[in-house]
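Asker: My structure is below; once you've seen it, I'll send some questions.
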Amino acid sequence: MAEQARPEVDSRDLRDRILREATRLFAKKGYNGVSVREIVEAVGTTKPSLYYYFANKESLFESIVRDSLEQYRARLQSVLARGLPIREKLVAVAEENFSYARENADLSRLTYSVYFSSERNVVDFDLDAFFMSTFALIHDEIEAAMQAGELRDGDPWMMTLSF
C-alpha cells in the first residue's frame, strides 16, 4: 500500500496560528489561566510544534505582548511622519489609537491587562520605559508645534499625558 503524502504545513502560518490562539486565550483567561495544552488544542497542533517556535509559555506570552507594542508604535510613528499640521496630527493619532484597539481587540485587552496587573512580571522588558518612549514621540511633536507657534505655550508633558 502506498504511503499517503502528508500535507505540508506552512511554518509561518503555524506560528501565526499559535500566536493568534494564544492571544485570544490569554486575553480571555489571563496568563495563569491558560495552559500550553489548551493552546495547542485550540491550534490543532502539538506541544513540540509550539516549542519549536517558543522556548516556553513565558516566551510565547512575552512575544505576543512585545509584538503588540511594537506594532502599535510603528503605526503611531507612521501617523506622526505624515507631515500634517499638529491639530490634524493629534486627531490622526487619536484615530489610530482607536483603530488599533478595534482591529486588535484581544491584543489591546491583553496588553493593558498585563500593564495593570501582576502579569507584567512575566514579561521581561520594561513596560514603563516603552510607554514613556511612546509618549515622548507625541511630546516631541507637541513641543515642536509650540516652538513653531502652532500651539499655545504650556507644559508639553501635561498636554501629552492628557492626550
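The values are calculated or read from the model by the stated rules, or taken from the named source; none is laboratory data. For clarity, every value in this text was computed on a predicted model and none was experimentally measured. Every residue, glycine among them, receives a Cβ derived from its backbone with ideal geometry; neighbour counts consider all protein chains shown. Just so you know, the surface numbers come from the protein's heavy atoms only, side chains and all, with ligands and any DNA or RNA stripped out. Shrake-Rupley method; radii C 1.70, N 1.55, O 1.52, S 1.80 Å.
Asker: Under unit Cβ charges (Lys, Arg +1; Asp, Glu -1), what dipole magnitude, rounded to 20 debye, does the range 69-154 have relative to its Cα centre? Don't skip to the end; give the middle numbers.
Answerer: Numbers: 9 positive and 15 negative charges, 49 e Å.
In debye, rounded to 20, the range 69-154 gives about 240.
Asker: Can you tell me the relative contact order of the chain? Whole percent, Cα pairs under 8 Å, sequence separation 6 or more.
Answerer: On the way: 103 pairs, mean separation 35.5, N = 163.
Value for the chain: 22 percent.
Asker: Sticking with this structure for a sec: What accessible area per residue, rounded to a whole number of Å², is obtained for the chain using a probe radius of 1.4 Å?
Answerer: On the way: 10090 Å² over 163 residues.
Result: 62 Å² per residue.
Asker: GNM, the chain, Cα, under 10 Å: largest mean-square fluctuation among Thr134, Thr46, Thr23?
Answerer: Maximum among the listed residues: Thr46.
Asker: Something else about it: Considering the options Ala55, Ser118, Ala129, tell which one lies farthest towards the positive end of the dipole of the range 27-163, charges being +1 on Lys and Arg and -1 on Asp and Glu at the Cβ, about the Cα centre.
Answerer: Selected residue: Ala55.
Asker: Another question about this same structure. Is there a quick way to get the dipole size of the range 13-136? I mean about its Cα centre, with the Cβ of Lys and Arg at +1 and of Asp and Glu at -1; what is the value in debye to the nearest 20? Kindly include the intermediate steps, with their values, before the conclusion.
Answerer: Details: 18 positive and 18 negative charges, 43 e Å.
Once rounded to the nearest 20, the dipole reads 200 debye.
Asker: Let me ask something else. Taking only Cα atoms, what is the 0 to 90° angle, nearest 10, from helix 86-103's long axis to the longest principal axis of the chain?
Answerer: The angle comes out near 20 degrees.
Asker: Given axes a ≥ b ≥ c from the Cα gyration tensor, I'd like to know whether the chain is rounded (a/c under 1.5), prolate (a/b larger than b/c) or oblate. Mind dumping the intermediate values first?
Answerer: Numbers: a/c = 3.44, a/b = 2.25, b/c = 1.53.
It is prolate, given that a/c is not under 1.5 and a/b is the larger ratio.
Asker: Between Ala81, Ala42, Ala27, find the one with the highest GNM mean-square fluctuation for the chain; connect C-alpha pairs within less than 10 Å.
Answerer: Taking springs between Cα atoms under 10 Å, the residue moving most is Ala81.
Asker: Run through the range 46-141 and list the chymotrypsin sites (Phe, Trp or Tyr not before Pro) located in a DSSP loop whose Cβ has at most 15 other Cβ atoms within 10 Å.
Answerer: Working: sites: Tyr51, Tyr52, Tyr53, Phe54, Phe61, Tyr72, Phe98, Tyr100, Tyr112, Tyr115, Phe116, Phe125, Phe130, Phe131, Phe135; in loops: Phe54, Phe116, Phe125.
Passing both the DSSP loop test and the Cβ count: Phe116, Phe125.
Asker: Another one. May I have the count of lysine pairs in the chain with C-alpha atoms under 24 Å apart, counting pairs 8 or more residues apart or located on different chains? Intermediate values should be presented prior to the final figure.
Answerer: On the way: Lys28/Lys47; Lys28/Lys57; Lys29/Lys47; Lys29/Lys57; Lys47/Lys57.
For the chain, qualifying lysine pairs total 5.
Asker: Also, quick follow-up: If you stretched the chain out fully between Arg120 and Ser59, how much longer would it get, using 0.36 nm times the residue separation minus the C-alpha to C-alpha distance? Don't skip to the end; give the middle numbers.
Answerer: On the way: separation 61, 0.36 × 61 = 21.96 nm, distance 1.30 nm.
The span from Arg120 to Ser59 would gain 20.7 nm if fully extended.
Asker: Ignoring ligands, DNA and RNA, what percent of the accessible area of the range 44-163 is carbon or sulfur (1.4 Å)? Please report the intermediate quantities before stating the final value.
Answerer: Working: 3680 of 6950 Å².
Solvent-exposed carbon and sulfur of the range 44-163 make up 53 percent of the total.
Asker: Turning to a different aspect of this structure: Which residue, Ser118, Ser108, Ser35, tops the fluctuation ranking in a GNM of the chain built on C-alpha contacts under 10 Å?
Answerer: Ser118
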